[in-house]
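Quick notes on the structure that follows.
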Amino acid sequence: METNTVPLYQKMMQALIHKIEIGALKENDKLPSEQELGKQFNISRITVRKALEELQNRNFIYKKQGQGSFVLERSKRNKHYRYLHIGDKIHEMGAKASSKILEFNIIADERHFDIKEKMGL
């Protein structure tokens, strides 16, 4: 039986993404420290770091050495992050992704007749 549990780092990510998307966290706003985020979400610093790393990978935040993490400008964000990580979203919902080929066609280009002939197309 599958459980519908979302990993803690993803819960933190979702909460921060939501705050960014609704404007509660604005461009270049500094995020709370790792320690403060850990207390806020009741998670370990290792888990906080994993969430922040993923947020950085998805272009929601950037880090400055010794200064902390900041919200990335909207123009620099990857607008298609949801589609790039659709498998993660499906997993977060407790579902299992699958695919099914509905149709298969071979389309041959007339400009390459010699190749088509060799392939028997």
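Rule-based calculations on the coordinates, nothing more; no lab input. The structure presented is a predicted model; accordingly, all values stated were derived computationally and were not measured. Cβ atoms come from the backbone with ideal geometry, glycine included; neighbour counts cover every protein chain shown.
Distance between Cα centroids, segment 55-77 to segment 4-47: provide it in whole Å.
13
Give Lys64/Lys96; Lys76/Lys96; Lys11/Lys63; Lys30/Lys96; Lys19/Lys39; Lys19/Lys100 a once-over and call out the pairs whose C-alpha atoms are over 28 Å from each other.
Lys64/Lys96; Lys76/Lys96; Lys30/Lys96; Lys19/Lys100, as the Cα separations exceed 28 Å there.
Taking the Cβ-Cβ separation of Lys63 and Ala97 as r and a Förster radius of 30 Å, what is the calculated FRET efficiency to the nearest 0.05?
Step by step, r from the Cβ atoms, then E = 0.45.
Using each residue's phi in segment 7-18, evaluate 6.51 cos²θ - 1.76 cosθ + 1.60 at θ = phi - 60° and report the 3J(HN,Hα) Karplus result to the nearest Hz, with x for Gly and Pro.
Result, rounded to whole Hz: x, 4, 5, 6, 4, 5, 4, 4, 5, 5, 4, 4.
Count neighbours as other Cβ atoms within 10 Å of each site's Cβ, and list the trypsin sites (Lys or Arg not before Pro) in segment 31-79 that are DSSP loop with at most 12 such neighbours.
Lys79
Karplus couplings for segment 58-70 from phi (6.51 cos²θ - 1.76 cosθ + 1.60, θ = phi - 60°), rounded to Hz, Gly and Pro as x?
Using θ = phi - 60°, the values come out as 8, 6, 9, 9, 9, 10, 10, 3, x, 10, x, 10, 9 Hz.
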